[in-house]
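J.: Here it is: the structure, laid out below.
Coordinate-derived values only; no laboratory data. Computed from a predicted structure; not experimentally measured. Cβ placement follows ideal geometry from the backbone for every residue including glycine, while neighbour counts extend to all protein chains displayed.
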Amino acid sequence: MPKRNNILVIGAVLFGLAYYGASNNRQIYLPRQPQVQYLVPVGTAPPMPVAPMATSSGWMNFQSPQGRFSVLLPQLPIQKTPQNNNSRLSHSYTVSTHYESYSVTYQDLPERFIPDMNEKRSMINDMGNSMKGAPGYYSVGAKRNFALGGHPGIEINLESPDSDISRGKIWHLMVERRVYTLSVITPYPENAEAFLRSFRFY
């Protein structure tokens, strides 16, 4: 199957992720900026800052007041929001170019459900464990738990047997009752890290 079709299949799977199942072919070099994002494994203390996140003058700092987040994207995303304004349905923001795809989705747990930290971690881990590979396209690689601003998350790597195909990363992050899912497929690790490390919730 041509490389283009493989990328589309991976992108479709990543885009479809939500709670519990939940064109630019030129590399973008991203100059460093002195902003620090905290990303550490759950349970470690004290938190240590990672390297300053990368940004690009060609990218935009997209903000969603409704979703209460901001993130760096190469262009304005396509938004899909439920027409009935039900916050418990999945809201998505997606950018797709010829070789890359970036997506942020979110949805809220029922108002009556107020999980404690152990329950949040358990749910996040269940999301990671529910992720399956697709034979011939990619396999689920390394997973790791992390905490962002004290909120639990899990990072999942997607690996392809074809080195020419873009690889993917997925973040599931639970902030209070809201579950964010960030997914990216790109052949450029710098772009994946810039997208993920730029994510802010408020």
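J.: I need the peptides 170-179, 64-73 ranked by packing, meaning the mean over residues of other C-beta atoms within 10 angstrom, with the highest value on top. Write down the numbers at each step before the final one.
T.: Values: 170-179: 21.2, 64-73: 17.8.
Most protected by this proxy first, the peptides run 170-179, 64-73.
J.: Right, next: Using the basic label-point model (7 angstrom from Cα toward the beta carbon), what is the R68 to F113 distance in nanometres?
T.: With each label placed 7 Å out from Cα toward Cβ, I get 1.7 nm.
J.: On to the next question. Please give the length that would be gained between S122 and I78 if that part of the chain were fully extended, namely 0.36 nm times their separation in residues minus their C-alpha to C-alpha distance (nm, one decimal).
T.: Details: separation 44, 0.36 × 44 = 15.84 nm, distance 3.13 nm.
12.7 nm is the gain from fully extending S122 to I78.
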